[in-house]
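This report refers to the structure that appears directly beneath it.
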Amino acid sequence: MYCSSKHTTHMIFTYSLCHAVIDLVHWRDPKKSGVVFGVSLLLLLSLAAFSVISVVSYLLLALLCVTISFRIYKSVIQAVQKSNDGHPFKALMEKDVTVPPETFRKHVDVCLTHVNHVLKQMSRLFLVEDLVDSLKVRTTDILLFSVPPIYEKNKVRVISFSCKSCIVCFKKAFIVEVQIRDYITITSIIIINIAASSN
């Protein structure tokens, strides 16, 4: 019974999460979608220009500057108005952010299962338990490490060939589309003639 209710809760959470993502992608709330995609674009541009460590440290520094400025502003307002509202982040500080031991153990057990599976597969492949599987891994390694340099050397040829192929495909698609339209017109004329002759 407990497992079933837990599964139902997980399904409801997944459904609500998918619904929220769909709402963001379809811009049902433009303010929320604009903020999310603006921040995502800014983060991607930052990661393209700087290292991950630099981006994370700058984000944390900006967050710290904002929180310190807000705290000083609230303290000045309280001193001027002679009010005693307390700490501005008191509600957030009172929230429980600790991880329960059961949840931690459950996630560690899941991670441990995946790590053990990966280690077992790696030992099986690199110690050549099955020759075919090991050769597949070796071939994949060769492709992964040899295709990018080959592409870099022949980038201009690959791009020009791709452009020519796209143009040829578009021309053929246009010709086929014209033929399909002609056949549809002929078929509709035949159906109209049959319907008129039957009346």
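Available extension along the chain between LEU61 and ILE190 is 39.0 nm, counting 0.36 nm per residue and deducting the alpha carbon span.
Extent along the principal axes, Cα only, for the chain: 93, 66, 55 Å, with the longest axis given first. Quick one: grab the alpha carbon gyration tensor of the stretch 39-119, order the square roots of its eigenvalues as a ≥ b ≥ c, and give me rounded if a/c is under 1.5, else prolate or oblate depending on whether a/b is larger than b/c. The shape class here is oblate. Over the stretch 154-199, the fraction of Cα-Cα pairs per 5 Å bin, rounded to whole percents and listed from the shortest bin up, is 5, 20, 11, 13, 9, 8, 9, 6, 6, 5, 4, 2, 1, 0. Here the simple spin-label model places points 7 Å from the Cα toward Cβ, and for LYS120 and PHE174 these points are separated by 5.8 nm. Within straight cross-link reach of LYS120, meaning Cα distance under 20 Å, which lysines are found once same-chain residues fewer than 8 apart are removed? Here the lysines satisfying the reach criterion relative to LYS120 are LYS136.
Can you list the residues of the stretch 46-64 with backbone N under 14 Å from a point 7 Å past the Cα of GLU152, pointing along Cα to Cβ? Counting backbone N atoms under 14 Å from the label point, the list is empty.
Where does the stretch 101-177 land on Rg/Rh, using Cα atoms and the Kirkwood Rh?
Details: Rg = 22.9 Å, Rh = 17.2 Å.
That ratio equals 1.33.
Where a number appears in this text, it was derived from the coordinates with a stated rule and is not lab data. The model shown is predicted, which means the values in this text are computed figures rather than measured ones. Positions of Cβ are generated from backbone atoms using ideal geometry, with glycine treated the same way; all protein chains shown enter the neighbour counts.
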